[in-house]
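**Q** Have a look at this one.
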Amino acid sequence: MSLPASLDQRLRLPLMAAPMFLVSNPALVLACCRNGIIGSFPALNQRDSEGFRAWLEEIQAGLAGQQEPAPFAVNLIVHPTNPRLQADLAICVEKKVPIVVTSLGAVKDVVDAVHSYGGLVFHDVTTRRHAEKAAEAGVDGLIAVAAGAGGHAGTWSPFALIAEIRQFFDKTLLLAGCLNHGHEILAAQLLGADLAYLGTRFIATAESDAGADYKQMIIGARAADIVHTPAVSGVPASFMRQSLERAGYDLKRLNDKSAVDYGEKLKPINDEAKAWKTVWSAGQGAGDIADLPSVDQLIARLDQEYRDSLSRCAQLGQRWPR
């Protein structure tokens, strides 16, 4: 397993809060970084590049007086239909964003631009083929988005996905999918990941931009309520059944694929059923979320659970000697 020098010894827990569309904001990012884990947000959460720049400046100012905060990350959609990619990438280079998370395309030019100032690039993958292409582009880390994850999730078991990626990739590896507790963070490491990648658990926090109804729907959801479909955004993603029904989707036609167009998604949202606005994403781990803590409270809990799990592993080692 491998962590870059810029991350090693800087994290309280081996953990990154995932960038979530219309949910992650500077308050969430700052709370994560101040508590010793990587916070992140999508560039497209601001509706134009100048707004994106303003958020970066707010986050950098908020961390400036902190003693060794964890680094933060920005998610860039590397897809031909995203008209802001080059402008947002240029701002990342200008502001020297520590970590750039790329999605829907691993492009060497993007990797080279981030590497030009010493930044890291982590790339979302759901299959071995995607992972191999990203490795060829020179990324510093891969985010294995396994079955059951929220957002643009894959369908592979974490056991299979991690095992196949580790056959050819020895750099930083993150695992996403149904992770809510400290013992699950440790389990991700035992499988071969360096860091856990939590999304849905951070939607249900005080600092996130998710509305009260969204957060309550997560608390009330179960794994069986999560629908994996390409019908909303054109890329297979996980959504809560309740929000799909409320937005008028025909659950019998959720295998029908819509067009992928990030330029369209950047236009002002007037239609209440617009992708991601009222069609709410969550992972299968929603079935194990029952509260809305602050980020401070959540990370303190995760930290205690993680330490307890390490002790339990030591006890198991004594119970099952070689």
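What follows is calculated from the coordinates using simple rules that are stated; it is not laboratory data. In this text the structure is predicted, and so the values were computed from the model without any measurement. Positions of Cβ are generated from backbone atoms using ideal geometry, with glycine treated the same way; all protein chains shown enter the neighbour counts.
**Q** Across segment 298-322, what is the number of residues that are surrounded by 14 or more Cβ atoms within 10 Å (Cβ to Cβ) and under 23 Å from the mean Cα position of the chain (by Cα)?
**A** Count: 8.
**Q** Taking segment 60-90 on its own, how many of its residues are in contact with a Ser or Thr (Cβ under 8 Å, 6 or more places away or on another chain), surrounded by 18 or more Cβ atoms within 10 Å (Cβ to Cβ) and among the hydrophobic types (A, V, I, L, M, F, W, C)?
**A** So the count comes out to 6.
**Q** Another question, if that's okay. Scan segment 53-69 and tell me whether some residue there is touching a Gly at 6+ places or on another chain (Cβ under 9 Å) and closer than 19 Å to E207 by Cα.
**A** Looking for residues that are touching a Gly at 6+ places or on another chain (Cβ under 9 Å) and closer than 19 Å to E207 by Cα, one finds at least one in segment 53-69, hence yes.
**Q** What number of residues within segment 61-85 satisfy the criterion of being in contact (Cβ under 8 Å) with a residue 12 or more places away in the chain and under 23 Å from C33 (Cα atoms)?
**A** Summing the residues that are in contact (Cβ under 8 Å) with a residue 12 or more places away in the chain and under 23 Å from C33 (Cα atoms) in segment 61-85 gives 13.
**Q** Starting from residues that are among the hydrophobic types (A, V, I, L, M, F, W, C) and assigned to a helix (DSSP H, G or I), keep the ones in segment 147-161 and report whichever is surrounded by the fewest Cβ atoms within 10 Å (Cβ to Cβ).
**A** By that ranking, first place goes to F159.
**Q** Okay, next question. Do any residues in segment 279-292 that are without any contact (Cβ under 8 Å) to a residue 60 or more places away in the chain have Cβ atoms under 9 Å from those of residues that are assigned to a loop (DSSP other than H, G, I, E, B) and not basic (K, R), where the two are at least six apart or on different chains, and which pairs are they?
**A** As it stands, the answer is V279/V232; V279/S233; V279/A247; V279/Y249; V279/A273, since those pairs meet every condition given.
**Q** From the set of residues in segment 86-113 that are closer than 13 Å to D124 by Cα and without any contact (Cβ under 8 Å) to a residue 60 or more places away in the chain, which is farthest from the chain's Cα centre (by Cα)?
**A** V107
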